[in-house]
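Here's the structure, in structure tokens; my notes come after.
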Amino acid sequence: MVLGILNVLSAVSLLFIAAVGLAVIFGVMGVVNLAHGEFIMLGAYASVIVVKLGLPVSVSLIVAPLAVGMIALLLEPIFFRYLYGRVMESILATWGLSIVLRQAAQLIFGAGYQSVPYPTDATITVLTTQISFYRVLAIFLALVIGLGVLWIEKRTNLGTTARAVMSNAGLASTLGVNIGRIYAGTLVFGAALAGLAGAFLAPLTSAYPSMGLSFLTNSFFAVLVGGLGSLPGLAFASGMLGSTQQIVAIFIDPVWGSVALVIVALILVRWRGTA
Amino acid sequence: MSWPPGIAIAHSGIDRLRLTSVGANCLIVALLASAPLWVSQYFATDILARAMLLAILALALDLAWGCCGILSLGHSAFFGLGAYAMAIVALRWDSGLAPYVGFVLAILLPALLAAVVGWFMFFGVTSSLYVAIVTLSLPVLLSAIDLRIPKLTGGLTGLSGIPSFPWAEPLYTYYLLLGALMLAIVIVTWIVRSDFGRLLMAVRDNEERARFFGYNTPALRLFIFALSAGLAGYAGALYAPYNGFVSHGLLGLVLSTSAIVWVAIGGRGTAAGPVAGALLVNILEPTLNAAFPGFWQLFLGLIFTVVVLLLPSGLFGLVGSRRPPRRGFQIIDAPPGRRTRDRMTVAARKLNLSFGSLAVLHELNLEIETGKLHCLIGPNGAGKSTLVDVITGRLRASAGDIVIDGAQAAFLPPNVIVHRGVMRTFQASNVFETQRIGDNLFLAACRRELALLTQSTNQIAMPVDARRVLQLSGLDRKLDTFAGELGHGERKWLELCMVLTAQPAIIILDEPTAGLSSIDRANVGEVLISLVREHSLGLLLIEHDLDFVKSIAERLSVLSQGTIVADGSVQAVAESPVVRQIYLGHTNAHE
Amino acid sequence: MLCVTDVESGYGDLTILRRISFELAPGEVLAVLGHNGVGKSTLLRTIIGQLRARKGEISYAGKSLLGLKPYHIANRGISYIPQEAALFPDLSVVKNLHVAFGSRKDFGIACDHALAAFPFLRNRLHQRAGTLSGGEQKMLLVARSMLVSPRLILADEVTEGVQPMQVSRIAEVLRACREHDGTAMLIVEQHLDFALGIADRFVLMKQGMIVSAGATSSRGARVEIERQLAL
């Protein structure tokens, strides 16, 4: 029972961690980034490289966000900048980007799974059952990230400026806010969060070129259900979708769990739309 | 940060389904038909045949995407579902009927899945992103389910040994598949060239305007989506016996992604583009993939990204860039008696609406009647356009009622409100810019969607009042001009004509004279007065120009800070202190 | 200081401003008068860079403003108060001020100075800006403008929906700004008393053009303006 609850919480947390980078980018800039899954994938491969270099795997939790953030920074002026405010184009263009990144990863790293060791093999014993400590760590990481982003949003000037840009970019511009820089910064921040998610998830799922796809749809569903620009909304959505998936996975099957997640997402969005 | 002007060849797709597209398709079919004469049999039956089947998939995708704007990122799910349905029935059921039943199932099952998914996607609050994500998840889920029930589907290894066609000669199969492709081309071309196709493109480019002319756009999109899924399933049904085995990859994202790439490169929104794109890529792929393993996919991805950003109309946009020939529109009289209501009222009662912490409408009461020329004035930001949005179903009030002719109307979608007899124009005149004026008028006049499938007419049925306005504006001589090329004033005239063509009982006009010259303004005033006096229309004008209002209105209401502060005859209200304060400035010191 | 020459501007294919020319000296206040829809707001939006001038030239302190992004223009010391959607309604009063203040130093001191003009705001610092009344919002906008000590203020209908007492407060504050800090102002107004009370000169617009101009202190000015507006 306790194991079950912790597993559910851990699944919810993992979904939240994967989706938060997407939520930030989408919320502030309105850019649909279908390459979000690939940013996660790049973070996972950063872990692989860190391990190959002989460094302890927990270092990847710092290296990965930096690396992916850097890649986003490089891509901003040549690619993302042309997509702000253009929905259909950004869907297609970032889909193209994701194809390119997937293929590039396959060429560089090969198509197979590359496993990444856990930073810790510790387990905790709760009421005579053993749970992987790492999975429980996910819950803490989700809380830290969620509260951290919320803190930035509500308590820092940067967050206030980002919210202003999200609310009315034109007005913010006339007040002297360099919205180009805000957009670029948000992109890098969101990408870094995705990279962090990738590094954290790598030991759980192993790194493989198409891993991004399985996170992409779930992350988007979480963001769409939770509502644009709302971090608490994302938490709620992650809760609903993640727990549905995990519960169905435990009682029936992981595959039907994924199906259940999509069905619940469809129902929630439809219901919210007509409310 | 602007891309070169080449992009301005907007993917307005325009109805390029004329000679250029049909011609290109004929050429392609001719080439394919004669191919066995000049390529090896292996090439024809292995590579070309496969390419033709995938071209059908591309056509199916384009029907949804290019023609109707539904970005289905996971369309191969329907193809794979069709292939598996055919395979499973053919393998598990020992009967002469098996292939036929399998074929039918292969078309019906994907269509059904599409209909169910579409019901979630298109109704309620929707967006291209939502559609993209939901359709993206289909192949992912189907793939996963496929692996979960290997007894039925063969799991990773798939199903093999599917009985092939009842003949030994491979070239017969080739020509059968060519025939299948031709059938698909004919179906898609038929749809797009019919009046239904005109409607689809209007919905694709300006869904909101279509809804506000009474079309049930979510249902339309559902229909097309299901149709395109069925078409993809049809291709899958043929693939199974042709290939002999079906594998897991048919359901996956790789095939879906490739289909999007073919359509984008070939040219979406045209019937020839997707066929050309699919054939081209699938013919080149085996050779290039062998020559540059791995790099080919990367390269294709790059080409796709570049095409999407720089060349939205694809290759066909470059090649087939001539404008379609003129249609030769003909205006005829509308059958009399469509305007059934003589007297009708629209009443807004105690409306309240807030956007977050901003209260926009507050306990608002207003009544509009037929046979009256009623004006609504008020300062900027007072909520006039928002009020119109609520009455016509574009926004929902948080409290209050809308009553149309005695019946509740507060939760109705815009197209139903149109059917009740209430129509509107938009402040920034909203017309179908990628269509000709004649098409715009046609779409305004006609409303039964499915009937349009069977006709392709150049006649526009217009009532007397609409024809008069059309002549007055000079637009009757410009029926072949694209609406996007019209100037500001002409666009306002067009929108007015369109609304009149639809024969509503009550029209709400949002700033009809903004930006018009004084001559046009006077003309519009005369027209509006005659519409009310001679045709008993009910008009509500949202206006700024107090002089114009005084010259034509019978009744005047003033909206300020979310509520009606004055309402009555023009004489009484126009001279009241409220109006003076709002409009003429505080010319009397109030300190 | 601000030099507008033969400017033409509009939305899409609609031309609203036709050949607008005028000059503003440092520390001068110019009132832009005229009915709804003549292009007064369009003028301000063109100057601040939200709209692109199709023809003509706009120069400020000797440098051209054409083609610059609004934030570049704002950071040169021009403060724009729009007529609509001028605040972030879901952010608190103090956060609205923060956004305008940006990364400058000493927010506290500047804030005190601005709030001294409108003391009631001190009690509303953490209230969501959208919940203030119309008049209070306008006063917040003036405070926000003063916060950055601009050299030029572009004010669009800053007294719209404001009670008479609050109007005179705003007038006092702007006058003080101009006297102590030498701020120039371009005031778009429908409220004649207010406009003529603080402006040195006026221009009157009709259908996108300036049809009348003069000094507000001249004797026939008021009569002439009212005559033009009534036509």
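The values are calculated or read from the model by the stated rules, or taken from the named source; none is laboratory data. Computed from a predicted model, the values in this text were never measured in an experiment. Here the Cβ positions follow ideal geometry from the backbone for every residue, glycine too, while neighbour counts run over all protein chains shown.
At least 1 residues that are over 20 Å from the mean Cα position of the chain (by Cα), hydrophobic (A, V, I, L, M, F, W, C) and within 14 Å of chain A (Cβ to nearest Cβ) in each: list the helices (runs of 4 or more DSSP H) lying fully within the range B:162-269 that qualify.
It comes to B:253-266.
Restricting to the range C:40-62, count the residues that are within 20 Å of C:MET1 (Cβ to Cβ), hydrophobic (A, V, I, L, M, F, W, C) and within 14 Å of chain A (Cβ to nearest Cβ).
3
On the phi < 0 side of the Ramachandran plot and assigned to a helix (DSSP H, G or I): which single residue out of A:ILE71, A:ILE131, A:ILE124 fits that description?
Of the residues listed, the single one that is on the phi < 0 side of the Ramachandran plot and assigned to a helix (DSSP H, G or I) is A:ILE71.
Going through the range B:381-429 one residue at a time, which ones are of a type in the set (S, T, N, Q), touching a Ser or Thr at 6+ places or on another chain (Cβ under 9 Å) and either part of a loop (DSSP other than H, G, I, E, B) or farther than 30 Å from B:HIS488 by Cβ (or both)?
Result: B:SER398, B:GLN427.
Answer yes if at least one residue in the range B:433-454 is of a type in the set (Ser, Thr, Tyr) and closer than 27 Å to B:ILE404 by Cβ, and no otherwise.
Looking for residues that are of a type in the set (Ser, Thr, Tyr) and closer than 27 Å to B:ILE404 by Cβ, one finds none in the range B:433-454, hence no.
Kindly list the number of the only condition in (1) within 11 Å of another protein chain (Cβ to nearest Cβ); (2) among the hydrophobic types (A, V, I, L, M, F, W, C); (3) at negative phi that fails for C:ALA85.
(3)
Name the residues in the range B:143-161 that are more than 14 Å from chain A (Cβ to nearest Cβ) and either loosely packed, with under 15 Cβ neighbours inside 10 Å or hydrophobic (A, V, I, L, M, F, W, C) (or both), would you?
B:LYS151, B:THR157, B:LEU159, B:SER160, B:GLY161
Quick check, is B:ALA466 modelled with pLDDT under 85 and either assigned to a helix (DSSP H, G or I) or out of contact with any helix residue (DSSP H, G or I) (no Cβ under 7 Å at 6 or more places or on another chain) (or both)?
Answer is no for this residue.
State yes or no: is A:THR94 among the hydroxyl-bearing types (Ser, Thr, Tyr) and in a helix (DSSP H, G or I)?
Yes, satisfied.
Listed residues C:LEU44, C:LEU51, C:LEU68, C:LEU14; which is surrounded by fewer than 17 Cβ atoms within 10 Å (Cβ to Cβ) and of a type in the set (A, V, I, L, M)?
Unique residue meeting the criteria: C:LEU14.
Of the residues that make up the range A:127-149, is at least one touching a Gly at 6+ places or on another chain (Cβ under 9 Å) and surrounded by fewer than 22 Cβ atoms within 10 Å (Cβ to Cβ)?
Scanning the range A:127-149, I find at least one residue that is touching a Gly at 6+ places or on another chain (Cβ under 9 Å) and surrounded by fewer than 22 Cβ atoms within 10 Å (Cβ to Cβ), so the answer is yes.
Hey, can you tell me all the residues within the range B:531-565 that are surrounded by fewer than 18 Cβ atoms within 10 Å (Cβ to Cβ) and under 35 Å from the mean Cα position of the chain (by Cα)?
B:HIS535, B:SER536 - these are the residues of the range B:531-565 that are surrounded by fewer than 18 Cβ atoms within 10 Å (Cβ to Cβ) and under 35 Å from the mean Cα position of the chain (by Cα).
Would you be able to tell me the number of residues in the range C:63-82 that are more than 9 Å from every other protein chain (Cβ to nearest Cβ), closer than 21 Å to C:ASP156 by Cα and in a loop (DSSP other than H, G, I, E, B)?
Residues in the range C:63-82 being more than 9 Å from every other protein chain (Cβ to nearest Cβ), closer than 21 Å to C:ASP156 by Cα and in a loop (DSSP other than H, G, I, E, B): 5 in total.
Name the strands (runs of 3 or more DSSP E) wholly inside the range C:127-231 in which the number of residues that are of a type outside the set (Asp, Glu) and within 14 Å of chain B (Cβ to nearest Cβ) is 1 or more.
Here the list reads C:184-189, C:201-206.
I'd like to know if the range B:478-499 contains one or more residues that are without any contact (Cβ under 8 Å) to a residue 24 or more places away in the chain and not assigned by TED's automatic domain parsing to the domain that holds B:LEU441.
Looking through the range B:478-499, none of the residues is without any contact (Cβ under 8 Å) to a residue 24 or more places away in the chain and not assigned by TED's automatic domain parsing to the domain that holds B:LEU441.
Out of the range B:475-502, which residues are in a loop (DSSP other than H, G, I, E, B) and touching a helix residue (DSSP H, G or I) at 6+ places or on another chain (Cβ under 8 Å)?
B:LYS478, B:LEU479, B:ASP480, B:THR481, B:LEU486, B:ALA502
For the range B:513-530, how many residues meet the condition of being crowded, with 21+ Cβ neighbours inside 10 Å and modelled with pLDDT of 85 or more?
Of the residues in the range B:513-530, 2 are crowded, with 21+ Cβ neighbours inside 10 Å and modelled with pLDDT of 85 or more.
From A:LEU213, A:LEU266, grab the single residue that is within 14 Å of chain B (Cβ to nearest Cβ) and either outside any helix (DSSP H, G or I) or under 17 Å from A:GLY37 (Cβ atoms) (or both).
Residue meeting the stated conditions: A:LEU213.
In the list B:PRO312, B:PRO293, which residue meets the criterion of being under 23 Å from B:TYR42 (Cβ atoms), at the interface with chain A (Cβ under 10 Å from one of its Cβ atoms) and modelled with pLDDT under 90?
Matching residue, one of B:PRO312, B:PRO293: B:PRO293.
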